[in-house]
Amino acid sequence: MKKLFGFLALFAACLGISPALFAAELPSQVAIIGYHRFENPAKDPLAITPEHFRKQMQEIKDAGIPVISMDDFLAWRKGEKTLPEKSVIITIDDGYNCTYNHAWPILKEFGYPFTFYVYSGYIGTGGRAVTWDQLAQLRDAGVDIGGHSVSHDNLIKPRRVKPNDYDGWLANEFSGIKDLLKEKLGIEAKTFAYPYGIQNEKVRQAGTAAGYQALFTVSGKKVTKDTAAAEIGRYVVQSDKPQTFSAALHFGASQMTPGSKPAGASTQSSGPSLEVTPTHGSTVADDRPEISLNLSGIPDIDPKSIEMRISGIGQVPATFDPVSSVVSYRPTQRLHAQKITVQVKAKSGKQRADTAWEFFRDPSASSMAEMMMEPPKETKPAKSSPGA
Ligand SMILES: [Zn+2]
């Protein structure tokens, strides 16, 4: 089984091409990182201490990965701008004043842009909530502010909405915060973060109809130019899951970060050199995540030879896009196992190209969702969190 993970060596051996070729042909990928609260001590997993946050910002810097603005990201998506092979976007959800008090000074120190996602029902409500004046200061300093709904309710199953009112309510969850930010701050919110990352086809359509150019989930995976605009994953940092931040900065073995092993030295621990989602070794909350492998670095792939197998399911009808050379599949059934292995076999000319990688389903995904469902509690700081 371990041998399956000798991806780079296998590909290089099968195809007789150097690993450097893969690196040269990798398309730009963006890792979007999501934060919530900054406090000392961190009272629950969605909070991290300011010192921990500073350390992570330093890690991004040490890895040589540029932090880009949402505007650059949107321009790249529209084909108006190119991006480096790898980059990071920083987002902070919910509208806590610790973003203003603790995170912003650190981000300024590093010169990092960020996007602040706020929702109508919380801004200016006192306690730990950001004020309109603070938001105006952030705006004036060039901080991007995006929509995070009106109520912060579950957009699929809201708690107090009658079925007949649902469509109108849903539309207003997207447009209400957009209109409010326009009215109070004179800004156009271009992007939206789904509360708790919860969305489905209907929700995605409503968000797109409201005019948002990109809508973000909490399912950590790298974003490419082809990632669907209404379903862009983010790595949500939790103080009890350091692997999420590491996964965000891991762009594959051919794109080494300082401290990791050089390509080819130990491909067993560094994962596949080809771009895959979910990324090798990453943890996802989604139990039906889009699973994909980009074969654009391998010449002359025979589309008919491609086979994808997922542990617990078996062979699946993956699709191959000849333009992007991406093999992809979204499970129709929920993945129950904590560890999922994906195998892809393909023929290139007369040679075989086999690869495999593994990722993890967050075993506490449902409890995390429940934790995130708690509304902000100003009087009882411990354990409360409105979440993503
Ligand atoms: Zn939230």
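The values are calculated or read from the model by the stated rules, or taken from the named source; none is laboratory data. Just so it is clear, the structure is predicted and the values come from calculations on it, not from any experiment. All Cβ positions, even for glycine, are placed from backbone atoms using ideal geometry, and neighbour counts span all protein chains on display. Ligands, DNA and RNA are excluded from the accessible area calculation, which covers all protein heavy atoms including side chains. Shrake-Rupley method; radii C 1.70, N 1.55, O 1.52, S 1.80 Å.
Structure above, values below:
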| read-out | value |
| --- | --- |
| Proximal charge balance of residue 203 [Cβ under 14 Å; K/R count +1, D/E count -1] | -2 |
| Carbon/sulfur fraction of accessible area - region 110-226, other protein chains in place, 1.4 Å, % | 47 percent |
| Sparsely packed GluC sites (Glu not before Pro) within region 142-206, loop by DSSP, other Cβ within 10 Å at most 12 | 188 |
| Kirkwood Rh in Å, taken over all unlike Cα pairs in region 148-241 | 13.9 Å |
| Per residue convex hull volume, Cα atoms of region 85-146, in Å³ | 80 Å³ |
| Net charge over other residues, Cβ less than 10 angstrom from the Cβ of residue 190 (K, R count +1; D, E count -1) | -2 |
| Gyration tensor verdict on region 178-228 (Cα atoms; rounded if a/c is under 1.5, prolate if a/b is larger than b/c, oblate otherwise) | prolate |
| Shape call, region 69-216: gyration tensor on alpha carbons, a/c limit 1.5 | oblate |
| Surface share of carbon and sulfur [accessible, 1.4 angstrom probe, percent] for region 308-355 | 47 percent |
| Fully extended contour minus Cα-Cα distance, from residue 162 to residue 343, at 0.36 nm per residue | 60.7 nm |
| Loop trypsin sites (Lys or Arg not before Pro), region 98-148, which have at most 14 other Cβ atoms in a 10 Å radius of their Cβ (DSSP) | none |
| Region 287-349 shape via C-alpha gyration tensor axes, a/c threshold 1.5 | prolate |
| 3J(HN,Hα) from dihedral phi, region 149-155, Karplus parametrisation 6.51/-1.76/1.60, rounded to Hz, x for glycine, proline | 5, 8, 9, 6, 7, 4, 6 |
| Label-point separation in nm, residue 131 to residue 179, each point 7 Å along Cα→Cβ | 2.7 nm |
| Accessible area in square angstrom per residue, region 32-81, 1.4 angstrom probe | 42 Å² |
| Amide hydrogen neighbours beyond the local backbone of residue 233, cut-off 5 Å, H modeled | 217, 221 |
| Region 103-181, dipole about Cα centre (Lys/Arg Cβ +1, Asp/Glu Cβ -1), debye to the nearest 20 | 280 debye |
